[in-house]
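Structure first, then comments.
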């Protein structure tokens with residue numbers, strides 16, 4: 001493994017550097033995107049979505065047995081309230097204490113950035129913000145239980161004022177949802193939890209079944225199958241947050257960075273799964289080589305060493321470039337989910353030059369784990385260079401805006417001639433007439 005890892009170090013001084021960098025860029029993009037539309041994989045996703053949409057609970061149960069190995073009747077999809085309460089009651093006290101502190105941090109941050117309190121009307125026009133009515137949350141549970149995802153999706157929705165939240169998670173723990181996820185749901189007052197996952201769960205949320213009511217929005221991370229399903233139902237049936245997965249980190253570091261810390265941060269993403277990525281870009285070859293040696297050392301200490309090592313070899317690189325300008329250029333092109341900047345005193349200056357990233361972690365004491373669990377911003381972030389046009393999930397994503405127009409007689413009269421002229425140039429006589437008829441009437445309607 002030590003020799004295998006050596007291949008992840010590439011340098012701008014190599015004659016084929018541009019080719020290697022382009023290959024990495026292409027490989028990461030491919031990992032973050034599902035197979036072609038005509039592929040068998042896509043046909044499978046579409047077939048599952050259609051089956052559940054048309055037949056509901058029957059097909060949902062069949063796919064749960066097929067993919068999760070758990071046979072459930074429709075009446076068993078929903079986790080009983082007593083199971084939620086039991087999981088919460090049996091949760092370790094110190095873990096519960098930490099969970100509550102994290103919830104408080106996330107709630108404070110999401111309340112601080114919420115725009116919904118800016119509803120108003122002036123000069124005859126305004127805007128009204130209202131929360132999404134019903135939201136479905138996908139919580140992964142196959143590789144590892146993620147109660148943090150419950151916090152990072154449910155709390156922003158609650159802050160926005162969402163009244164109904166349904167959580168789905170695959171039955172991979174003794175035929176049900178992992179107790180720590182159930183406990184987190186109970187702590188947040190979420191009592192609608194279903195032991196279903198995968199494409200079939202997305203279908204149930206998007207279309208509804210005989211026992212599961214349709215939602216208006218689906219959020220949460222997941223594997224490529226789940227994200228592909230979210231992409232297919234988005235727009236026509238529900239709103240989604242973004243296509244979030246597989247996990248990735250890009251680190252910009254100079255010779256002021258601690259190589260052991262950088263290596264640890266790379267491994268923290270690599271352990272998510274074999275298709276996760278961790279890329280270091282540095283203008284210091286000395287640092288790059290030191291990080292490589294630290295990766296070799298630390299890898300053997302991980303419980304998920306096999307997944308992390310495969311991720312490092314397949315999707316991760318240490319990229320040594322000639323300047324920090326080049327490092328910033330590559331980072332903005334890659335548009336990573338998580339972007340760490342460990343450049344000592346220059347960290348904030350470098351951060352100001354970043355235009356594309358899901359979240360930026362500035363300085364040596366801001367590893368991704370701080371954002372994953374604690375700081376306040378949601379860890380549900382766009383991946384696969386989608387940060388060029390998509391953003392982190394926030395409380396503002398759970399509100400929709402309604403435009404308001406409220407003209408009185410005087411304001412309409414002042415604008416009538418212009419409105420009529422614009423309507424007539426488009427040949428829309430009835431539009432113009434709707435204005436003229438009000439101007440001809442001396443009586444008018446009440447204000």
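We did not get these values from a lab; they are worked out from the coordinates using the rules stated. It should be emphasised that the depicted structure is a prediction, and the values quoted were computed from it without experimental measurement. Cβ sites come from the backbone with ideal geometry, for glycine too, and all protein chains shown count toward neighbours.
Things to note:
- For the chain, built as a Gaussian network whose Cα springs stay under 10 Å, the top-fluctuating residue of 437, 113, 354: 437
- Gyration tensor verdict on the stretch 40-240 (Cα atoms; rounded if a/c is under 1.5, prolate if a/b is larger than b/c, oblate otherwise): oblate
- With a Förster radius of 56 Å applied to the C-beta separation of residue 389 and residue 211, the computed FRET efficiency comes to 0.95.
- Between the helical axis of 285-299 and the longest alpha-carbon principal axis of the chain there is an angle of about 80 degrees.
- For the chain, built as a Gaussian network whose Cα springs stay under 10 Å, the top-fluctuating residue of 164, 94, 285: 94
- Computed over the stretch 40-240, relative contact order equals 29 percent, with contacts defined as Cα pairs under 8 Å that lie 6+ residues apart.
- With the simple model of a label 7 Å out from the Cα in the direction of the Cβ, residue 15 to residue 407 spans 7.2 nm.
- Under 15 Å from the residue 400 label point (7 Å along Cα→beta-carbon), backbone N, the stretch 95-139: 128-136
- Crossing angle, helix 93-113 versus the chain [Cα axis fit, 0-90 degrees, rounded to tens]: 50 degrees
- Packing-based order for 125-131, 147-153, using average beta carbon neighbours within 10 Å, highest first: 147-153, 125-131
- When only alpha carbons are used to place a centre, the stretch 26-59 and the stretch 278-306 end up 35 Å from one another.
- Burial order of peptide ranges 289-298, 226-235, 25-34, 404-413 (average beta-carbon count within 10 Å, highest first): 226-235, 289-298, 25-34, 404-413
- Of 24, 267, 422, the one that fluctuates the most in a GNM where the chain has Cα springs shorter than 10 Å: 422
- Most simply put, the stretch 125-269 has about 5% antiparallel DSSP beta bridges, counting only bridges with both residues inside it.
- In terms of packing, defined here as the mean over residues of other Cβ atoms within 10 angstrom, the peptides 329-337, 345-353, 104-112 line up highest first as 329-337, 104-112, 345-353.
- Relative contact order (%) - criterion: Cα under 8 Å, at least six apart; region: the chain: 19 percent
- At q = 0.05 Å⁻¹, base-10 log of I(q)/I(0) for the chain (Debye sum, equal scatterers on each alpha carbon): -0.23
- The stretch 243-335 - percent relative contact order, Cα under 8 Å, separation 6 or more: 34 percent
- Whole-percent P(r), the stretch 115-176, all Cα pairs, 10 Å bins from 0: 19, 35, 24, 13, 7, 2, 0.
- The long axis of helix 259-270 is offset from the longest Cα principal axis of the chain by roughly 60 degrees.
- DSSP finds beta bridges in the chain, and of those with both partners inside it, around 25 percent are antiparallel.
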